[in-house]
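The values are calculated or read from the model by the stated rules, or taken from the named source; none is laboratory data. As the structure is a prediction and not an experimental result, all values here were calculated from the model. Cβ sites come from the backbone with ideal geometry, for glycine too, and all protein chains shown count toward neighbours. The protein model used for the area step is the full one, side chains on, heavy atoms only, and it has no ligands, DNA or RNA in it. Shrake-Rupley method; radii C 1.70, N 1.55, O 1.52, S 1.80 Å.
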Amino acid sequence: MTKLPGKPILPIHPTVDETGQPTVCNCCGRRAWGIGIGKGNGDPQYLCGECVLLVEELRKVRRWDVYELQALDGAVDEMGNYIEERGLTDLQYYDELDQRMLAKSAVVGFIDRLRQLVRDGAAPF
């Protein structure tokens, strides 16, 4: 899978809303709370409770491994299947439920593909 130009895969930015409140974890994308690892770059890089426990290790994380990158293909496949099933390619016509189901299909597709790769011992490179 080719990385989109100008769009980093990780970390997840921004981790703060327009009022300065924590939004999502800089590492995993789950709900964050008021502890961050930012270095004065404008984004506090807030973390969730579990990632706070791993803060020293998180500083070393810069990119996904080859299995995770390959699992993205599973997310893309499942999103494509959902869009094809719905018959709507323009996301502006999706209601809130459709949007959530599309996002769910991406998450489940990623997780299922990653589990399959690990279970099968298939080297994704």
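GLN92 is checked against (1) at pLDDT 85 or above; (2) in contact with a helix residue (DSSP H, G or I) (Cβ under 8 Å, 6 or more places away or on another chain) and fails just one. What number does that condition carry?
(2)
Give region 20-69 a look and list any residue that's over 30 Å from VAL118 (Cβ atoms) and among the aliphatic types (A, V, I, L, M), or say none.
ILE35
Could you count how many residues in region 56-92 are open to solvent by 40 Å² or more (accessible area, probe 1.4 Å), among the hydrophobic types (A, V, I, L, M, F, W, C) and closer than 26 Å to GLY36 by Cα?
Qualifying residue count, region 56-92: 3.
For region 10-26, name all the residues that are under 18 Å from the mean Cα position of the chain (by Cα) and either open to solvent by 40 Å² or more (accessible area, probe 1.4 Å) or more than 25 Å from GLU68 (Cα to Cα) (or both).
Once the filter is applied, which keeps residues that are under 18 Å from the mean Cα position of the chain (by Cα) and either open to solvent by 40 Å² or more (accessible area, probe 1.4 Å) or more than 25 Å from GLU68 (Cα to Cα) (or both), region 10-26 yields PRO11, ILE12, HIS13, PRO14, VAL16, ASP17, PRO22, THR23, VAL24.
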